Structures are given as C-alpha cells and as structure tokens.
Amino acid sequence: MQAIVAPSLLSANFGNLDADIEMINNSSADWLHIDVMDGVFVPNISFGFPVLDAVRKKTKKPLDVHLMIVNPENYTERFREAGASVLTLHYEAVDHLDSAVRQIQSLGMKAGVSLNPHTPVSLLEEILPLLDMVLLMTVNPGFGGQTFIESSYNKIRKLKELIKETASPALIQVDGGVDINNAPLLVQAGVNVLVAGNTVFGSDNPSETINSLKNCHKRIT
Ligand code: DX5
Ligand code: ZN
C-alpha cells in the first residue's frame, strides 16, 4: 500500500517559504507536517501562530500539526482556527488525554497521540479505539536531521498488533530520521504515514524524493 507522505516544514527554507510551499503544492505529498515546539516540552523553539496562519493561506495540502508543547489541550481551538486538519499531542504532555482527544475531534479535526522513544505503546491500550492516529517518535523530539532509532521497528510491530487487538482505526505515523532506505522497511512493519524533513528538503530534487517515499512499497522485498 502507498504510504501517506507528510514533508516536515521544519527543514524548509524560512527565508523563502513561498518557494518550498509551492513545491509541496505541486508535489505528490499528502499532508504538510508542522512542528510546534515551546522550548519546555522539548529543548528547542520552532514557530507559532503567525507562521501557521501565513502558511495556511498558501498551502493546498492538509495541515498535520504536531504539538511538542506543554498543556497542548489549552490551544486546540486556536489550532483549528489556524487550519489544522490533524492535531497530534504528546502522551507525555497531557494529564487528561481522553478529554483532550475528544475535544480535538469535537472541533472537527483528526486526533493523534504521539509517544516519545522511551514511552511504551502498551500505555495506549485503553484509548486506542478512540484515536485517529498514533505518532511514534523515531528520534528524540526537538530537532530535524537526527539519526533514526533502530529499535523503533519492534515498537511499530507491537503497536500494529495492539491496533488489531483493540479494533482501533488509528493510522501509524513515524517521525524522525525517515529516509529513502528505511521507508520500505517502515511500511513493511506497518507504518501508514511517513514524516520526512531533512530527507525531502535536503535532497537535490525534493519533489522526486517525495515520489520515492510514496512509492517505497514497491521496493519491499
Ligand atoms: C522532530 C520533529 C520532526 C522533524 C523530523 O522533533 O518532530 O517532524 O521535522 O525531521 P527529520 O525528518 O529531518 O528527522
Ligand atoms: Zn514532527
């Protein structure tokens, strides 16, 4: 099955965002992945609403917003206004996950929950049937261009099993260190959505790279 591909804006050229958004608009990318970091939940600060409001006006792709912030439940409505179609918050950042997920969905967005590399998938067992997506961090969150954590394959397989057991509709998304070589292995392990920052924007032909990621299932041996 073809993967859903979500290039990550974090690796785009912020000096000329128009050009990169245009490239994404004309590419086979499915979603645009937006990383919001607050310098508290992760040791980095990215961008916030003014950038998002500007991006939304130019992009033709659904916005897949990944919140790496504390108290994300306080901002769900504002992210809806900013154009988010998918809103993902971290398991580690929310006390009342069930309410937060229902709140996101009642605002008309798809709800995702993300797990840091050290957080076991078993913690999602009760809430899985409610989720639209689970984002497995395959690097420690905060920065683009890091090395993929190899033990993630096992975690993906465990999550796939749990999704089946709980009859959950959740998609599996991976984020961090995704490249042309590991993409087919990730899809084979059960991944539905590939996020890629450095691999797309650091390549000579970003649009072709997006195509290769989308068609990586053809390279499964
Ligand atoms: C990292 C972010 C990622 C980042 C991925 O915390 O959540 O979305 O942009 O970047 P790459 O694909 O370069 O590892
Ligand atoms: Zn992300």
From the options 88, 76, residue that is touching a Ser or Thr at 6+ places or on another chain (Cβ under 6 Å) and either surrounded by fewer than 16 Cβ atoms within 10 Å (Cβ to Cβ) or modelled with pLDDT of 95 or more (or both): 88
Which of the helices (runs of 4 or more DSSP H) found entirely inside the range 182-221 contain at least 3 residues meeting this: within 11 Å of ligand 1 (Cβ to nearest atom)? 198-201
Name every residue in the range 127-148 that is away from ligand 1 (no atom under 11 Å from the Cβ), over 22 Å from residue 2 (Cα atoms) and buried (at least 16 other Cβ atoms within 10 Å of the Cβ), in order of residue number. 127, 128, 130
Out of the residues in the range 114-126 meeting the condition of being more than 16 Å from ligand 2 (Cβ to nearest atom) and in contact (Cβ under 8 Å) with a residue 40 or more places away in the chain, tell me which one is surrounded by the fewest Cβ atoms within 10 Å (Cβ to Cβ). 122
Working only within the range 185-220, note down all residues that are β-branched (Val, Ile, Thr), within 18 Å of the chain's Cα centre (by Cα) and away from ligand 2 (no atom under 16 Å from the Cβ). 187, 209, 210
Options 111, 93: the member that is surrounded by 19 or more Cβ atoms within 10 Å (Cβ to Cβ) and touching a Phe, Trp or Tyr at 6+ places or on another chain (Cβ under 7 Å): 93
Condition (residue is in contact with a Gly (Cβ under 6 Å, 6 or more places away or on another chain) and within 16 Å of ligand 1 (Cβ to nearest atom)) applied to the range 117-125: is it met by at least one residue? no
I want to confirm something. Restricting to the range 188-200 and keeping residues that are touching a residue at least 24 places away in the same chain (Cβ under 8 Å) and crowded, with 21+ Cβ neighbours inside 10 Å, which single residue is farthest from residue 157 (Cα to Cα)? 200
For the range 26-68, enumerate the residues that are of a type in the set (D, E, K, R) and more than 11 Å from ligand 1 (Cβ to nearest atom). 30, 38, 53, 56, 57, 58, 60, 61
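The values are calculated or read from the model by the stated rules, or taken from the named source; none is laboratory data. Model, not experiment: these values are computed from the prediction. With ideal geometry, Cβ positions are generated from the backbone for all residues, glycine too; neighbour counts draw on all protein chains shown.
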